[in-house]
Structure formats: C-alpha cells, structure tokens
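The values are calculated or read from the model by the stated rules, or taken from the named source; none is laboratory data. Note that the structure is a prediction, hence the values are computed from the model and not measured. Neighbour counts run over all protein chains shown; Cβ positions are idealised from the backbone, glycine included. Ligands, DNA and RNA are excluded from the accessible area calculation, which covers all protein heavy atoms including side chains. Shrake-Rupley method; radii C 1.70, N 1.55, O 1.52, S 1.80 Å.
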Amino acid sequence: DKLVETVANATGLTALGTIMNAKGEAKAEAILAKKRAETSAEVDILRMQGQEKVAQYMLARNNQKVENVGKIIAKAEQQFASDEKVSSEPVDNNWMTRFLDIAESISDDDLRDLWARVLAGEVKRPNSYSLRTLDVLRNITKKEADLIVKCSNFVMGDLICTEDFALTLDEQLLLDDIGIIHGEQLYTKLTPTTGKMQFLLNRQMLLWIYAPVNLHMSVKCHKLTKAGRDIICLIQENDYVDFAINLAQHLKKQGARGVTVNKILAIKGAEIECDAEEIDLLNVSD
C-alpha cells in the first residue's frame with residue numbers, strides 16, 4: 001500500500017481519488033494512467049498538425065517508458081511480504097521523481113530487478129539510497145552490473161578484496177571509474193596477538209586464523225564508496241565459499257597455520273551468533 005501511495009504522490013495520481021480496489025489491494029496499473037493520458041494528448045496534437053511520423057515515434061517511445069516503469073513497480077511489489085512492517089516515514093518526493101525519471105529508460109530485465117529492489121528498499125526505509133547512488137546506478141551497463149555481482153563475492157565489511165584471486169587490475173579500474181570503489185590501494189593488516197584471531201569476513205562468515213603471535217599478514221583491498229555499498233547490498237545471491245578458501249590459502253602463504261570458518265546465524269550489535277560447526281578451509285574436500 002505504501003509503495004503504491006508513494007508512486008501515486010510522485011505522479012500526482014493521489015488527486016484522482018482512491019488507488020485501492022474493493023478488496024483493499026493496490027492497483028499498480030493506475031500509477032501509469034497519467035503518463036498514458038499525457039502521451040495520448042501529445043500524439044493527438046501532433047497528428048492534427050500533420051506530423052504523423054513524429055506522433056508514432058512519441059507514442060512508441062512513451063509506451064516503452066510506461067512499460068519500463070510498470071515492470072519495475074511490479075517487481076518492487078514482489079519484494080514485500082504480506083505482513084511486513086515498513087517505516088511510516090514518507091519517501092522524499094524529489095527522490096521519487098528522480099527515480100521515476102530514471103526508471104523510464106531501464107529496459108534490461110536484470111537491471112529492472114536492481115531498480116525494483118532500490119524502490120522497495122527506499123519505501124521500507126526512507127533515506128536508504130541517496131540521489132548520488134541513483135546517479136551511479138543509472139549509468140551502469142549490463143556488463144558493469146555483472147562485474148558488480150562478481151565483486152560482491154569478495155566483500156570484507158566496507159572493503160572489497162583485490163588480490164589476484166579476486167579481481168584483475170582492469171576490473172578494479174572499471175569499478176573505480178563507475179564509482180563503486182575508491183581508487184586508493186589499501187591493505188587489511190592481520191596480526192594475531194594470542195596465536196588465534198577472528199576476522200569478520202562478511203555478514204555470513206566468521207574466520208578464525210591460527211598463526212604465530214605477532215605474525216604480520218595482509219590482504220590487498222579497496223574501500224567501497226557509499227554508492228558501492230548501497231548497490232552491492234541489492235545483490236541477493238553471493239558465493240563466498242571459493243573466496244574464503246582462496247583467502248585461507250593466501251594467509252597460509254604468509255605463515256598462517258590454520259584458517260577455519262563458522263557460518264554466521266545472526267549479528268546483534270557486538271554479539272555474533274554462529275553455527276557450531278567449524279570448517280577447516282585449508283582442507284576442504286570437493
């Protein structure tokens with residue numbers, strides 16, 4: 001309901017009255033009525049002026065825009081559970097207007113999935129995605145989106161691992177160019193003080209590194225931009241297993257005696273709840 005109300009407010013459809021049917025279900029198709037009406041009026045004027053080819057072009061172009069927006073909204077509706085609680089805070093109207101302007105041009109179905117998750121996420125929790133994030137995302141091509149999906153497998157908190165087993169130099173340069181990472185090369189330093197240290201790899205894996213006291217190990221990385229963090233959070237499927245194994249081998253070469261991992265079940269503030277099974281990443285069988 002909030003999703004449809006948000007879009008209706010941004011398009012001026014609220015003034016048309018209710019946007020709910022008799023069953024109380026949101027009528028997403030009503031959101032597109034204004035654009036179709038505007039298109040029809042413009043086409044009629046052009047035809048009266050004898051500009052049939054221009055009228056046909058505008059009709060086809062605006063129909064595509066309506067289709068693009070409609071499919072993104074439909075996909076966004078699927079991101080809500082029937083009993084899901086969302087923030088009562090309204091979505092900023094300027095944000096919504098910018099979103100709809102961009103959504104009109106998104107015709108690739110995979111990219112529509114990303115934009116649908118952006119819309120749903122902003123409705124659930126306003127101010128989740130900045131206007132800058134929208135601008136970064138609008139300029140991403142399908143090829144670049146595929147690269148972002150790949151790099152999401154190498155997340156370490158707000159960093160991306162850029163060792164040779166993760167991303168190539170060309171891929172790093174492209175991620176920097178499109179605004180996903182900061183260009184400066186960094187190093188995450190790992191120095192156990194008791195012979196054993198934990199390393200929160202991501203929200204799914206907690207590593208345990210066994211190594212001599214005060215051994216200095218490091219992992220090359222780049223810091224994610226705010227837009228990069230926002231966009232990577234939209235990616236729902238990640239394959240962290242191969243990354244964890246390769247990282248373990250990388251640490252072994254630097255002197256680590258063992259690297260194990262526990263699957264994270266929940267993170268509550270500073271407390272991490274993990275699965276009891278501890279997997280040895282240096283001896284993982286196929």
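Which whole-percent values make up P(r) of the stretch 141-284 when all C-alpha to C-alpha distances are grouped in 5 Å steps starting at zero?
Using 5 Å bins, I get a P(r) of 2, 9, 19, 21, 20, 15, 9, 3, 1, 0 for the stretch 141-284.
Given the Cα-Cα distance of Ile272 and Ser87 and 0.36 nm per residue of separation, how much length would full extension add, in nm?
Values: separation 185, 0.36 × 185 = 66.60 nm, distance 2.60 nm.
The span from Ile272 to Ser87 would gain 64.0 nm if fully extended.
Let me know the shape class of the stretch 193-240, please: from the alpha-carbon gyration tensor, a ≥ b ≥ c as square roots of the eigenvalues, rounded when a/c is under 1.5, otherwise prolate if a/b is greater than b/c, or oblate.
prolate
Quick check on my link table: of Lys189/Lys268; Lys150/Lys226; Lys189/Lys220; Lys75/Lys124; Lys196/Lys263; Lys223/Lys252, which ones sit more than 20 Å apart, alpha carbon to alpha carbon?
Lys189/Lys268; Lys223/Lys252
Expected output is a single nm value to one decimal: the length gained when fully extending between Arg257 and Phe165, i.e. 0.36 nm times separation in residues minus the C-alpha distance. What is it?
31.1 nm
Provide the solvent-accessible area of His250, counting protein heavy atoms only and rolling a 1.4 Å probe, rounded to the nearest 10 Å².
40
With N denoting the number of residues in the stretch 64-122, provide Rg(C-alpha) divided by 2.2 N^0.38 Å, to two decimal places. All intermediate terms of the calculation are to be shown ahead of the outcome.
Details: Rg = 11.6 Å, N = 59, 2.2 N^0.38 = 10.4 Å.
Ratio of Cα Rg to 2.2 N^0.38 Å: 1.12.
Could you calculate the FRET efficiency of Gln249 with Asp135 from 1/(1 + (r/R0)^6), where r is the beta carbon distance between them and R0 is 41 Å, rounded to 0.05?
FRET efficiency, Gln249 to Asp135: 0.60.
Give me the log10 of I(q) over I(0) for the stretch 92-185 at q = 0.25 Å⁻¹, as the Debye formula computes it from C-alpha points; what are the numbers?
Log-scaled intensity ratios, in q order: -1.34.
In what order, largest first, do Leu200, Leu215 sit by accessible area if the probe radius is 1.4 Å?
These residues rank, largest area first, as Leu200, Leu215.
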